[in-house]
Amino acid sequence: MPLLTWLLIVGILILAVITRTIIFLHTSRRERFHFRPFEIGSEREEFFVPGDPQGSDEDID
Amino acid sequence: MTEIPLKETCEPDVRKVCVFLSDYSAWLLGCGSTCVRLEKNVTRIARAYGKTVDITIMPRHVHISVRDKNGGDFVTSVSTIRHTPISFNINTRLSELSWAIAEKRISLREAEERFREIVTNDRQNPWTVLLLVSLANASFCRLFGGDITAMGVVFMATMAGYWLKTQLLSKKVDIRATVAICAFVSAVLGATDSLFALGSTPDIALGTSVLYLVPGIPLLNSFSDMLYRYYICSMSRFFDAVVITGCLSIGLCAAMFMMNAGMF
């Protein structure tokens, strides 16, 4: 039981350090190269057909 | 020593002084200052600008009332004490600012600029802090009679626990849960030498591995506030310290139970 607890804590810590390191490296690289494989946005940022309403025209109170 | 008041043309508006003192108080208390230091600094600044000030210090808020010495406008402001890490650097520099205002007679605008620079430029290298905290705790282990193996174990346990603490606090996890979790982790790692039969002082390593979590500054400030009769703030800080110590104890006892160490 003590050994299992110790191994579990060490394993979780190592996993946390690796995860934070990967996130840090990925974030740093993303800031340098502006690389965004996925992002959420409106379809009008990709497709525009003349006559589509602009962003401000969609505001309906 | 008689004080030389500012020329009337240089005395700032009472509202601006009140807002400045309100922000100043919120930051100074948030950085771990005692109530008496806050009162002296604020009074010094107000007097330098030709104002009188009354302060009400509560555990989470500060009430500042500023009045012209010749009995003009009377302005009151209530500000919430900032939740910032304790910083002796900011504490000292804000106190120096109050002396600069009182002795060098700097204008309110310049004082505000210096104040903004002080509170936004306290950039300690987190890795340096991590290393120094770990070394300090390992030194504590040595002071209590730990051998070199125990010091090494405590160094690693403190480094892991402190790093985890910074990560959890950055995720806005409650400080009480953070202390309990970090105490558990550090104590489990501190029991390494008893688990693997390393060194000759495993108990000391286990006991000193959580010392970095002890709330020393709140306890000291509580005592100081009590001496100067700020009983409400004193009791508030004391209860905060007791709660955090209780969470530390819970984490430590849980680890000792899981590792079959000590009194269990």
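The values are calculated or read from the model by the stated rules, or taken from the named source; none is laboratory data. These numbers were taken from a predicted model, which means no experiment stands behind them. For neighbour counting, all protein chains shown are included, and Cβ atoms are generated from backbone atoms with ideal geometry for every residue, glycine included. When the accessible area is computed, the model is the full protein with side chains, heavy atoms only, and any ligands, DNA or RNA have been set aside. Shrake-Rupley method; radii C 1.70, N 1.55, O 1.52, S 1.80 Å.
Using Cβ point charges alone (K and R +1, D and E -1), the dipole size of chain B about the Cα centre works out to roughly 360 debye. Rounded to the nearest 20 debye, the dipole magnitude of region B:66-160 is 60 debye, with +1 charges on Lys and Arg beta carbons, -1 on Asp and Glu beta carbons, and the Cα centre as origin.
Seen through its C-alpha gyration tensor, with square-root eigenvalues sorted a ≥ b ≥ c, region B:48-119 comes out oblate because a/c lies at 1.5 or above while a/b is not bigger than b/c.
Taking 18 Å as the straight-line reach from the Cα of B:LYS51, the lysines in range (excluding those fewer than 8 positions away in the same chain) are B:LYS7, B:LYS16, B:LYS40, B:LYS69, B:LYS104.
The Rg/Rh ratio of region B:196-241, with both radii computed over alpha carbons and Rh defined as the Kirkwood radius, is 1.33. Computed over protein heavy atoms with a 1.4 Å probe, the accessible surface of region B:117-174 works out to 59 Å² per residue. The figure for B:GLU112 is an accessible area of roughly 70 square angstrom, using a 1.4 Å probe on the protein chains alone. Which of B:THR80, B:ASN137, B:SER209 sits farthest toward the positive end of the charge dipole of chain B, with +1 on the Cβ of Lys and Arg and -1 on the Cβ of Asp and Glu? In chain B, that residue is B:THR80. Here the convex hull built on the C-alpha positions of region B:12-71 has a volume of 67 cubic angstrom per residue. Each Lys or Arg adds one and each Asp or Glu takes one away; over the other residues whose Cβ falls under 13 Å from the Cβ of B:ASP174, this sums to +3.
Counting protein heavy atoms only, chain B has 61 percent of its accessible area on carbon and sulfur, 1.4 angstrom probe. Region B:121-250 has equivalent-ellipsoid semi-axes of 28, 17, 14 Å, by the square roots of 5 times the alpha carbon gyration tensor eigenvalues, sorted largest first. With only Cα atoms counted, region B:24-171 has Rg and Dmax values of 20.3, 68 Å.
For chain B, adding -39500 (n - 2.57) for each run of n ≥ 4 DSSP H residues and dividing by the number of residues yields -20500 deg cm²/dmol at 222 nm.
Heavy-atom accessible surface of A:ARG20, to the nearest 10 Å², is about 90 Å², with a 1.4 Å probe and all protein chains retained. Taking every protein chain into account, the 1.4 Å probe leaves B:PHE196 with about 90 Å² of accessible area, to the nearest ten. How about region B:151-168: which of its residues lose at least 30 Å² of accessible area in the presence of all protein chains relative to their chain isolated, using a 1.4 Å probe? Residues passing the criterion (a loss of at least 30 Å², heavy atoms only) are B:TRP163, B:GLN167. Simple rule: put +1 on each Lys or Arg Cβ and -1 on each Asp or Glu Cβ in region B:1-133, find the dipole, and look at B:SER95, B:GLY71, B:GLY30; the Cα lying farthest toward the positive end is B:GLY30. Per residue in region A:5-22, which ones lose no less than 50 Å² of accessible surface when going from chain alone to all protein chains (1.4 Å probe)? Residues shielded by partner chains are A:THR5, A:TRP6, A:ILE9, A:LEU13, A:ARG20. Ordering of B:127-135, B:150-158 by packing is B:150-158, B:127-135, highest average first (other Cβ atoms within 10 Å, averaged per residue).
Using a 1.4 Å probe and counting only protein heavy atoms, how much accessible surface gets buried when B and A come together, both sides summed, in Å² to the nearest 100?
Buried surface at the B/A interface: approximately 1100 Å².
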